[in-house]
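Q: For reference, the structure I am asking about is given below.
The values are calculated or read from the model by the stated rules, or taken from the named source; none is laboratory data. Just so it is clear, the structure is predicted and the values come from calculations on it, not from any experiment. When we count neighbours, we look across all protein chains shown, and the Cβ atoms used for this are built from the backbone with ideal geometry, even at glycine. Surface areas here come from the heavy atoms of the whole protein model, side chains and all, with no ligands, DNA or RNA. Shrake-Rupley method; radii C 1.70, N 1.55, O 1.52, S 1.80 Å.
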Amino acid sequence: MEDIRQSVLDILNDGRDTLLQYDADGVLSYDHDDSGMEDQAVDDYVPIREFVPYGMLQRESLEAWLASIPDLDNRYYCEGLIDLYCEIQENKDLPSKMKRLYVADLPKPPATFKIISRFVEGGKL
């Protein structure tokens with residue numbers, strides 16, 4: 001079984017920059033470097049997928065959160081990222097593995113905006 005599992009993993013990882021791996025619990029996940037994130041408070045990091053409004057309550061919560069951002073440039077940038085992510089998710093022509101918002105494809109953020117990412121060294125774009 002282990003040989004079969006490893007063979008499948010080798011096929012899945014063929015040509016990938018970020019490899020899939022099994023963690024200690026046997027869960028398949030991406031191999032990535034979390035260095036630099038250990039001092040990052042969990043409350044400061046929320047994945048963009050958490051901002052996708054699936055219903056009226058989520059949309060109202062999202063709008064309230066956006067309205068709470070005092071810097072207008074940052075607010076509009078966040079709103080643009082969420083809209084871009086939603087457009088990608090709704091694109092029926094994209095395969096599911098491509099329905100991601102990659103840091104390299106992001107528009108340039110305002111000078112006061114800080115992007116926190118496990119995959120960008122130092123969290124800077």
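Q: Does any residue in the stretch 57-69 that is closer than 12 Å to E79 by Cβ come within less than 6 Å, Cβ to Cβ, of a residue that is open to solvent by less than 60 Å² (accessible area, probe 1.4 Å) and modelled with pLDDT of 85 or more six or more places away or on a different chain, and which pairs are these?
A: Matching pairs, first to second residue: L66/R75; I69/R75.
Q: Just to be sure, is K92 at pLDDT below 80 and of a type outside the set (A, V, I, L, M)?
A: So K92 does not fit the description; no.
Q: Within the group R100, R75, which residue is basic (K, R), outside any loop (DSSP other than H, G, I, E, B) and out of contact with any Asp or Glu (no Cβ under 7 Å at 6 or more places or on another chain)?
A: Details: R100 fails: outside any loop (DSSP other than H, G, I, E, B).
Just a single option satisfies the conditions, and that option is R75.
Q: Does at least one position in the stretch 112-124 carry a residue that is surrounded by 12 or more Cβ atoms within 10 Å (Cβ to Cβ), at pLDDT below 85 and part of a helix (DSSP H, G or I)?
A: Within the stretch 112-124, one or more residues are surrounded by 12 or more Cβ atoms within 10 Å (Cβ to Cβ), at pLDDT below 85 and part of a helix (DSSP H, G or I).
Q: Follow-up question, since we're still on this one. Is there a residue in the stretch 64-75 that is within 15 Å of the chain's Cα centre (by Cα), open to solvent by less than 40 Å² (accessible area, probe 1.4 Å) and at pLDDT 85 or above? Outline the logic, then answer.
A: The initial filter retains those residues of the stretch 64-75 that are within 15 Å of the chain's Cα centre (by Cα), namely none.
No, every residue in the stretch 64-75 fails to be within 15 Å of the chain's Cα centre (by Cα), open to solvent by less than 40 Å² (accessible area, probe 1.4 Å) and at pLDDT 85 or above.
Q: Of (1) within 24 Å of A111 (Cα to Cα); (2) at pLDDT 80 or above; (3) surrounded by 10 or more Cβ atoms within 10 Å (Cβ to Cβ), V8 satisfies all except one. Which?
A: Unmet condition: (1).
Q: Would you point out the residue of the stretch 96-111, among those that are within 29 Å of L19 (Cβ to Cβ) and at pLDDT 85 or above, that is surrounded by the fewest Cβ atoms within 10 Å (Cβ to Cβ)?
A: As a first pass, look at the stretch 96-111 and keep what is within 29 Å of L19 (Cβ to Cβ): 96-107, 109.
Those left that are additionally at pLDDT 85 or above: 107, 109.
Working: P107: 9, P109: 16.
Filtering first and then ranking leaves P107.
Q: Which residue pairs have Cβ atoms under 7 Å apart, sit 6 or more places apart or on different chains, and have a first residue in the stretch 5-28 that is among the aromatic types (F, W, Y) and a second that is at pLDDT below 85?
A: Going by the 7 Å Cβ cut-off, the qualifying pairs are Y22/L28.
Q: Given the conditions (1) small (G, A, S); (2) open to solvent by 40 Å² or more (accessible area, probe 1.4 Å); (3) modelled with pLDDT under 85, report the number of the one that G55 does not fulfil.
A: Answer for G55: the failing condition is (2).
Q: Take the conditions modelled with pLDDT of 70 or more, open to solvent by 60 Å² or more (accessible area, probe 1.4 Å) and under 21 Å from L101 (Cβ atoms) and apply them to L28. Does it pass?
A: Working: modelled with pLDDT of 70 or more: yes; open to solvent by 60 Å² or more (accessible area, probe 1.4 Å): yes; under 21 Å from L101 (Cβ atoms): no.
No: the conditions fail for L28.
Q: I've got another one for you. Among the residues in the stretch 36-52, are any open to solvent by less than 80 Å² (accessible area, probe 1.4 Å) and at pLDDT 75 or above? Spell out how you get there, then give the answer.
A: Here is the first cut: in the stretch 36-52, the ones open to solvent by less than 80 Å² (accessible area, probe 1.4 Å) are 36-37, 40-41, 45-48, 51-52.
With at pLDDT 75 or above added as a condition, the list becomes none.
Checked against the condition, which is being open to solvent by less than 80 Å² (accessible area, probe 1.4 Å) and at pLDDT 75 or above, the stretch 36-52 yields no hits at all.
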